[in-house]
Amino acid sequence: MNSNPSPSNSSRFEGCTLTGALSVLTEIRDAVCIVHGPAGCTHHNFSLLHATLLSNDRLEAPRLLSTRLTENDIIFGGEEALEKTIARALSLSPASVFVLSTCIVETIGDDTAAVCAKAQGVPVIAVPTAGFLGGVFETGIRNALASAASLARPPAETTLSANLVGEKNLEYGVDENAAEIARLLSRLGIGINLRFVRGIGTRDIGRLGSATVNILREPALRPVGEDLRKRFATPYVDSFPAGLAGTCRFLEEVGRICGIDASAAVEEERACQAAIFERFADIAGSRVHFEPPHPMLEADPDAETICTECAEALGLTIAPDGTAIPLPYPAPVGTAGLRRMLHRWRVLIRGERRAV
């Protein structure tokens, strides 16, 4: 863990490893997640996850339990508390149980993996999520995906399909992004095999190895892509598409991996992009400048490249005295993401025109 206090060093701002893992594993609908640690760790994450579900009109609560370690457990060990909580979780008849460690558990040296390894009738899987050992939010996501993948077995056959791997379940528009990937893949005649992990059951994970290609949400998940390649020999694309040219390259790369000629799909998508830009002709010629979304964050070079690309396609002038346009974070996904971004640009540009 880097202790550099500079705001430009994002390691101190990347969130809790435990939260990252829970954002993945609580999306396995028939699983129970156990947070092995003090009650506060569970309360904080339950509140965050529940609020996120409600904001997406999902009237449900995450299946989350805590071992509720006390000072006595911290001094003498919390393995007995963990065994009792696993028994409580099993009484809820889950298809799988995931046990996530906290910083305090790793400090006192509980052998969480050994407790989980005892025969229980359903899979009980230990997930390392002690962030103080050097992990951040993304570490939790990677560890959770690897742990969930352990439930899959080599498939009897593969189908012409894709897995979406490591979607950002806490980000706004996660389902819209998945729908955009499905739309793009449909141009190639490829369907979605599995959203790994979002809104699935434990048995669904058995299909993980049957896809032709894995599509990672972002390059930070390359270790997961490599792990799945070793397990199932499944190649991967290392990120969702971003930008005009990037979306077309995405189609070409998926086509190459799947042995499909993508030229017709690319031309169709370029025509779709051109039609979208025609809808925003009313702001052509406007003057704009791009700025980071927050004063404490440095500009994302990829987002800046995408915005410059769109500004040129729309005939905008980039100038210091132009309308301030916040750079998107994260970068918009595919052509549909660019359309939503351009709607926001229009609102800002028109608003400044009215003010003048």
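Numbers below:
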quantity: Filter result for the condition that a residue is open to solvent by 70 Å² or more (accessible area, probe 1.4 Å) and not in a strand (DSSP E or B), over His44, His50; calculated: His44
quantity: Residue list for the range 18-51, restricted to those being within 18 Å of the chain's Cα centre (by Cα), modelled with pLDDT of 90 or more and more than 13 Å from Ala144 (Cβ to Cβ); calculated: Arg29
quantity: Close pairs from the range 209-233: first within 19 Å of Lys168 (Cα to Cα), partner open to solvent by 30 Å² or more (accessible area, probe 1.4 Å) and aromatic (Phe, Trp, Tyr), Cβ under 6 Å, at least 6 apart; calculated: Asn214/Tyr236; Leu216/Tyr236; Gly225/Tyr236
quantity: Some residue of the range 118-133 being within 11 Å of His36 (Cβ to Cβ) and assigned to a helix (DSSP H, G or I); calculated: no
quantity: Residues of the range 88-114 satisfying the condition of being within 21 Å of Pro62 (Cα to Cα) and open to solvent by 60 Å² or more (accessible area, probe 1.4 Å); calculated: Arg88, Ser91, Leu92, Ser93
quantity: Pairs where the first residue, in the range 35-58, is closer than 25 Å to Phe132 by Cβ and the second is modelled with pLDDT under 80, C-beta under 8 Å, 6+ apart; calculated: Phe46/Ala61
quantity: Unmet criterion (only one of (1) open to solvent by less than 50 Å² (accessible area, probe 1.4 Å); (2) touching a Phe, Trp or Tyr at 6+ places or on another chain (Cβ under 8 Å)) for Ser161; calculated: (2)
quantity: Test result for Glu83, surrounded by fewer than 19 Cβ atoms within 10 Å (Cβ to Cβ) and in a helix (DSSP H, G or I); calculated: yes
quantity: Any hit, the range 151-169, residues being in contact with an Asp or Glu (Cβ under 9 Å, 6 or more places away or on another chain), closer than 23 Å to Ala31 by Cα and among the hydrophobic types (A, V, I, L, M, F, W, C); calculated: no
quantity: Residues located in the range 99-152, provided they are among the acidic types (Asp, Glu) and under 29 Å from Leu164 (Cβ atoms); calculated: Glu138
quantity: Index of the failed condition, Ala146 passing every other in (1) within 30 Å of Arg68 (Cβ to Cβ); (2) touching a Leu at 6+ places or on another chain (Cβ under 8 Å); (3) outside any loop (DSSP other than H, G, I, E, B); calculated: (2)
quantity: Within the range 217-318, helices (runs of 4 or more DSSP H) holding 2 or more residues that are in contact with a strand residue (DSSP E or B) (Cβ under 8 Å, 6 or more places away or on another chain) and open to solvent by 30 Å² or more (accessible area, probe 1.4 Å); calculated: 222-232, 244-258, 301-314
quantity: For Ala117: the one exception among (1) open to solvent by 50 Å² or more (accessible area, probe 1.4 Å); (2) over 23 Å from Gly15 (Cα atoms); (3) in contact (Cβ under 8 Å) with a residue 24 or more places away in the chain; calculated: (3)
quantity: Index of the failed condition, Ile325 passing every other in (1) open to solvent by less than 30 Å² (accessible area, probe 1.4 Å); (2) in contact with a Lys or Arg (Cβ under 9 Å, 6 or more places away or on another chain); (3) in a helix (DSSP H, G or I); calculated: (3)
quantity: From Thr159, Thr67, residue being among the polar types (S, T, N, Q), without any contact (Cβ under 8 Å) to a residue 60 or more places away in the chain and closer than 23 Å to Thr212 by Cα; calculated: Thr159
quantity: Condition check for Ile141: closer than 28 Å to Leu170 by Cα, in a helix (DSSP H, G or I) and over 26 Å from the mean Cα position of the chain (by Cα); calculated: no
quantity: Test result for Leu160, at pLDDT 95 or above and under 23 Å from Arg222 (Cβ atoms); calculated: no
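The values are calculated or read from the model by the stated rules, or taken from the named source; none is laboratory data. Keep in mind the model is a prediction, meaning the values are calculated, not measured. Glycine gets a Cβ as well: all are built from the backbone with ideal geometry, and neighbour counts include every protein chain shown. These accessible areas exclude ligands, DNA and RNA; they are computed on the full protein's heavy atoms, side chains included. Shrake-Rupley method; radii C 1.70, N 1.55, O 1.52, S 1.80 Å.
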